[in-house]
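Here the structure is laid out as structure tokens; the discussion comes afterwards.
The values are calculated or read from the model by the stated rules, or taken from the named source; none is laboratory data. Computed from a prediction, not measured in an experiment: that's the story for all the values here. Every residue, glycine among them, receives a Cβ derived from its backbone with ideal geometry; neighbour counts consider all protein chains shown.
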Amino acid sequence: MNQRLNTAATASPLYTRNFMLLFTAHLFFGFSFWPYVLLPVFIQDLGSNLAEVGIIMGAASVSGMLIRPWSGDALDRIGRRSCLLAGGAIFLLTHVFYLMIDQIGPFVYFVRLLHGLSMGILFAAFFTFAADITPLHRRTEGIAIFGIGGHLSGAVGVPLGEFLIRTGGYPGLFKAGAAFTVLFIILSFFLKEPKKTGHQPKFRLRDFFSAGFQPANRIPLIANGLFALGLISYMVFLKPFAHEQGFTVTFFFMAYSLSAVLIRLVGGKWPDQFGLKTVLYPAFISLALGILLLALWPSPAGLLVSGILCGIGHGFVFPILSVLIINRGTDNGRGRSMALFTLLFDVGFFIGAPLWGYIAEHFGYPPMFYLSAASVLVAIGIFVFFDQQDPLRLPAKTIRPSSG
């Protein structure tokens, strides 16, 4: 059996024209996405405290959660490419609206809701498309390699964003984001939609959410929500924390992105070779240790080491959790599966941003990071004690990867 899997993996090309085109589009999307980790200081400059920063940042997840069920259905019915173009157009409009913000008020929340709407479409579309055009038995490796585009853009995008803010203020950052979004939209026009077979069931909201209560899906979805709780603590509040300490976040995010890239290049095949859960548990531990170091070692060197540990954790956790969901679903419902998976990430953001903001405002940053690390470790426990599903079970194939 293993010999047949290895033969199939060798015979199936991963780096097709479509894969490389999607990878590059994802890279340019990341250039426009990552600099928004610097947005909390912009909100603070407008007069908000940390608790309000958390609420404003978390507002984006509301529209993300609301659009997820319909975006999943659209991915399966209308197509991946069309959803990428629609989400890109909304994201482009979001950059323009950020340029109009000059005070805290209802308009800020509207723009954040629009931002979340675009993310709710784009994240599911990108990774569903990547799963479509990745050979079946190289899926974990393929999604891990595809995700490198996002991490590479983080290594460049965050220091670029800090440079743009220093030279042109936040308007310069928003204009650059719009330019990169236009480039990613142009590349998306040239993608070849994967061929689909099989019946697409009529969309029912009840069926979408009922999939989350299936025993096979329940634990990976909860773990993704806990994973998001951990990420949000530094994605939203590391910039204000470092700003208060007099540090730049460049040390963290460059180490974070480059270590995630390196671990995927070196160990991209490890989950398929040694087992998904065998690699998942150490990855969660690495992420938790990295978050703990933010509280225990607040210095440029500490940010560097923390970024390496968090990057290694993220480098494996996201692709493994997403493959667990994909493998336990069906191919003709893959868009819904990925939308449900990313919905739980939004739930974690929705809970985590205001929660961590409140804790940081009233108790300080270290307790926030301690609790964030603990939420990541809880994910290991729920897998060990409650998940009895076979992580290697593959569905019957009903979507053929494009030859492009």
Exercise. Can you tell me which residues in the stretch 132-179 are surrounded by fewer than 23 Cβ atoms within 10 Å (Cβ to Cβ) and among the aromatic types (Phe, Trp, Tyr)?
Worked result: Phe163, Tyr170
Seminar exercise, completed: The one condition Gly302 fails out of (1) surrounded by fewer than 21 Cβ atoms within 10 Å (Cβ to Cβ); (2) in contact (Cβ under 8 Å) with a residue 24 or more places away in the chain; (3) not basic (Lys, Arg) is (2)
Exercise. Would you call Leu296 within 20 Å of Ala374 (Cβ to Cβ) and surrounded by fewer than 19 Cβ atoms within 10 Å (Cβ to Cβ)?
Worked result: yes
Problem set entry | Single residue of Phe129, Phe123 found to be in contact with a Lys or Arg (Cβ under 8 Å, 6 or more places away or on another chain), part of a helix (DSSP H, G or I), crowded, with 22+ Cβ neighbours inside 10 Å and aromatic (Phe, Trp, Tyr) | Phe129
Exercise. Within the stretch 331-344, can one find any residue that is among the basic types (Lys, Arg), modelled with pLDDT under 70, within 18 Å of Thr128 (Cα to Cα) and in contact with a strand residue (DSSP E or B) (Cβ under 9 Å, 6 or more places away or on another chain)?
Worked result: yes
Problem set entry | Any pair with Cβ under 8 angstrom, 6 or more apart, that starts in the stretch 237-255 at a residue that is closer than 15 Å to Pro40 by Cα and ends at one that is surrounded by fewer than 22 Cβ atoms within 10 Å (Cβ to Cβ) and among the charged types (D, E, K, R) | Thr248/Glu162; Val249/Glu162
Exercise. Does the stretch 54-72 contain at least one residue that is without any contact (Cβ under 8 Å) to a residue 40 or more places away in the chain and out of contact with any strand residue (DSSP E or B) (no Cβ under 9 Å at 6 or more places or on another chain)?
Worked result: no
Exercise. Looking at Thr181, Thr197, which one is modelled with pLDDT under 65 and more than 18 Å from Lys239 (Cα to Cα)?
Worked result: Thr197
Seminar exercise, completed: Within the stretch 29-71, residues of a type outside the set (A, V, I, L, M), surrounded by fewer than 22 Cβ atoms within 10 Å (Cβ to Cβ) and assigned to a helix (DSSP H, G or I) come out as Phe42, Gln44, Asp45, Glu52, Ser63, Pro69, Trp70
Exercise. Within the bounds of the stretch 75-83, is there any residue that is at pLDDT 95 or above, in a helix (DSSP H, G or I) and over 22 Å from Phe318 (Cα atoms)?
Worked result: no
For this session: Hey, can you tell me all the residues within the stretch 152-178 that are in contact (Cβ under 8 Å) with a residue 60 or more places away in the chain and among the hydrophobic types (A, V, I, L, M, F, W, C)?
Result: Leu152, Ala155, Val156, Val158, Leu160, Leu164, Ile165, Leu173, Phe174, Ala176, Ala178
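The rows are residues; the columns are (1) closer than 15 Å to Ser337 by Cβ; (2) among the aliphatic types (A, V, I, L, M).
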position	(1), (2)
Val111	no, yes
Leu114	no, yes
Leu117	no, yes
Ile121	no, yes
Thr134	yes, no
Arg138	no, no
Gly142	no, no
Phe146	no, no
Seminar exercise, completed: Scanning the stretch 205-244 for residues that are surrounded by fewer than 18 Cβ atoms within 10 Å (Cβ to Cβ) and either modelled with pLDDT of 90 or more or aliphatic (A, V, I, L, M) (or both) gives Leu205
